[in-house]
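The values are calculated or read from the model by the stated rules, or taken from the named source; none is laboratory data. Quick caveat, the model's predicted, so the values are computed rather than measured. Cβ placement follows ideal geometry from the backbone for every residue including glycine, while neighbour counts extend to all protein chains displayed. Areas reflect the complete protein model, heavy atoms only, side chains present, ligands, DNA and RNA absent. Shrake-Rupley method; radii C 1.70, N 1.55, O 1.52, S 1.80 Å.
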Amino acid sequence: MTGIAIYPGTFDPVTRGHIDICERALKMFDHVVIGVADSLAKEPFFNIDERLDMLETVFADNDAISVRPFSGLLIDFARDNSADVIVRGLRAISDFEYEVQLAGMNRSLAPEIETVFLTAAQRYAFVSSSLVREIARLDGDVSEFLHPEILRRLTAKLLACK
Ligand code: ADP
């Protein structure tokens, strides 16, 4: 496969699980556009600018990855970026039901766009942004799951929120 894929998510914050999925996607696609959703309903811990900036920092040296915000329909974002593939990551069975539902809805809205599922390396199989935030908030060590700069920003923001 070649071409452009989009990898949408909240990235609150980006974890090594997300990074792993992006790197795997690049084995299949020439370019990956990371779509950072506003996700206002989820009340993200980091605002959209912070989340975009963290992703840009992590992937600064990789020209094959771009980072863009989006707030409308995922399929419109895919079309706007000339992507015909949506990449999503799968962890445990718990992700499966929602992800298949989402892929089904997107297919009925935009039959020309395919959804591809990838799994991260075993060591990141249980990593989620929300768990990482929660563990860090309780002073647990999450350095294994975050890029050092993201760890620094998370620690700083948690401290500022105390
Ligand atoms: P969303 O709010 O869309 O679920 P996330 O930032 O939580 O946004 O996740 C974006 C995508 O990355 C989702 O498809 C999610 O399943 C996937 N993902 C997140 N963490 C991991 C991980 N550790 N391994 C595999 N996939 C992951």
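Summary of values
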quantity: Checklist (1) open to solvent by less than 90 Å² (accessible area, probe 1.4 Å); (2) under 16 Å from the mean Cα position of the chain (by Cα) applied to Arg91, failing item; calculated: (1)
quantity: Per-region count, region 124-152, residues surrounded by fewer than 18 Cβ atoms within 10 Å (Cβ to Cβ) and over 26 Å from Leu102 (Cβ atoms); calculated: 11
quantity: Breaking point among (1) open to solvent by 80 Å² or more (accessible area, probe 1.4 Å); (2) in contact (Cβ under 8 Å) with a residue 12 or more places away in the chain; (3) farther than 19 Å from Leu55 by Cα, for Arg68; calculated: (3)
quantity: Filtered residues of region 124-137 (kept if over 13 Å from the mean Cα position of the chain (by Cα), in a helix (DSSP H, G or I) and touching a residue at least 12 places away in the same chain (Cβ under 8 Å)); calculated: Tyr124, Val132, Arg133, Ala136, Arg137
quantity: Hey, Val85 open to solvent by less than 30 Å² (accessible area, probe 1.4 Å) and either within 14 Å of the chain's Cα centre (by Cα) or not aliphatic (A, V, I, L, M) (or both) or not; calculated: no
quantity: Breaking point among (1) in a helix (DSSP H, G or I); (2) over 29 Å from Cys161 (Cβ atoms), for Asp63; calculated: (1)
quantity: Top-ranked residue of region 95-122 - restricted to ones that are within 17 Å of the chain's Cα centre (by Cα) and under 30 Å from Lys157 (Cβ atoms), ranked as nearest to the ligand (Cβ to nearest atom); calculated: Ala120
quantity: Subset of region 9-53 that is in contact with a Phe, Trp or Tyr (Cβ under 7 Å, 6 or more places away or on another chain) and within 8 Å of the ligand (Cβ to nearest atom) - its residue that is most open to solvent (accessible area, probe 1.4 Å); calculated: Arg16
quantity: Lone unmet requirement of (1) of a type in the set (Gly, Ala, Ser); (2) modelled with pLDDT of 95 or more; (3) out of contact with any Leu (no Cβ under 6 Å at 6 or more places or on another chain) for Ala92; calculated: (2)
quantity: Of all residues making up region 106-123, the number that are surrounded by 13 or more Cβ atoms within 10 Å (Cβ to Cβ), assigned to a helix (DSSP H, G or I) and of a type outside the set (S, T, N, Q); calculated: 1
quantity: Among the candidates Asp38, Asp80, Asp61, residue that is within 30 Å of Leu158 (Cα to Cα) and modelled with pLDDT of 95 or more; calculated: Asp61
